[in-house]
1. Can you tell me how many residues in the stretch 185-213 are closer than 15 Å to VAL228 by Cα and part of a loop (DSSP other than H, G, I, E, B)?
2. Which strands (runs of 3 or more DSSP E) sit wholly inside the stretch 93-176 and have at least 1 residues that are under 24 Å from PRO32 (Cα atoms) and of a type outside the set (A, V, I, L, M, F, W, C)?
3. Scan the stretch 92-109 for residues that are buried (at least 18 other Cβ atoms within 10 Å of the Cβ) and over 30 Å from PRO55 (Cβ atoms) and jot them down.
4. Among what's in the stretch 184-228 and is within 19 Å of the chain's Cα centre (by Cα) and basic (Lys, Arg), pick the residue that is modelled with the lowest pLDDT.
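The values are calculated or read from the model by the stated rules, or taken from the named source; none is laboratory data. Note that the structure is a prediction, hence the values are computed from the model and not measured. Quick reminder, even Gly has a Cβ in these numbers, built from the backbone with ideal geometry, and neighbours come from all protein chains shown.
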Amino acid sequence: MWGAVGTPRLLPAAWLLALHAGLLAGVNITSPSALVRGTAGKAALLSVRYASASPDKPVVKWQLKRDKPVTVVQSIGTEIIGNLRPDYRDRIRVLENGSLLISPLQLADEGSYEVEVSITDDTFTGEKTINLTVDIPISKPQVLVASSTVLELSEFFTLNCSHENGTKPTYTWLKDGRPLNNDSRLLLSPDQKILTITRVLMADDDVYSCLVENPISQGRSAPVKLTVYPETIPRGTDHDRKTPLALYILKEQDTTAPQEDSSPPAGRSPGRGARRYHRSPAPARPPRSPPGSPARSRSAARLLRATGVPAIREQEEGSALEISA
């Protein structure tokens, strides 16, 4: 009775022992990395290594996990069995250790790959999963602005981080080389590509740039300088003083040049008040026109105007100085 009862109790233990022995005889697969980041147009190696007590060649099967798994390749050792799908033709190799080499990569190759290795004498098949990402490198970004970078207080301003190439980009805005601090005035688009300053303050006067990254690369834009004025500055007033230009006044010479005189006037000794003029004799000039004559009116004044500086009109001797904006 004990033996009849004991036998069933020993069967599960024997089954577990047999199962354990089978596992030892099965295929063990390892991989140095469960994630491989690839670049479109280049090669990617999904590296695995298997161990088995059998000397026979392994049967290797790679599949791309989709809603319905897609068989990428099957091989005995390194020899491919059957025909490859058109999108994998001339791009697939199976290496001796069971690894899969894909070259050149396409964006459609991204996904989760599962490998199965089995050997005839082995009871169990080894399996391993490797994830592959495929990306295009980020090209040099640049900051685009819709208006002048010279701003006034309380203005609304937008910066756009633009780049031509790159997949899965993430954006970071930098101020003076450091990530922007949280500020309720700073609004970012959902993808953080566009930065909007809703109300410009003096603290916004600085250098800005954007950093773009993806799994395989990164790029940083050239800096853009924003200049903020403390108040609205109309043209022709404070603006001119902030951007001074050289101003030259041309005077009308109405009298002939003084003649050279080697001796001081009577009763005066040479000193600081005495001036000597060393000039060649001035050419004879026509007689002066009487006041109010047309000729005198035409030569009465000269006008000089420089960009951003009020024009200054100097009239004849004894007349008032006029400043016209």
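1. 5
2. On the way: elements: 100-102, 111-118, 126-135, 142-145, 150-152, 157-162, 170-175.
Per the criteria, 111-118, 126-135.
3. Listed by number, the residues that qualify are LEU105, ASP109.
4. It comes out as LYS225.
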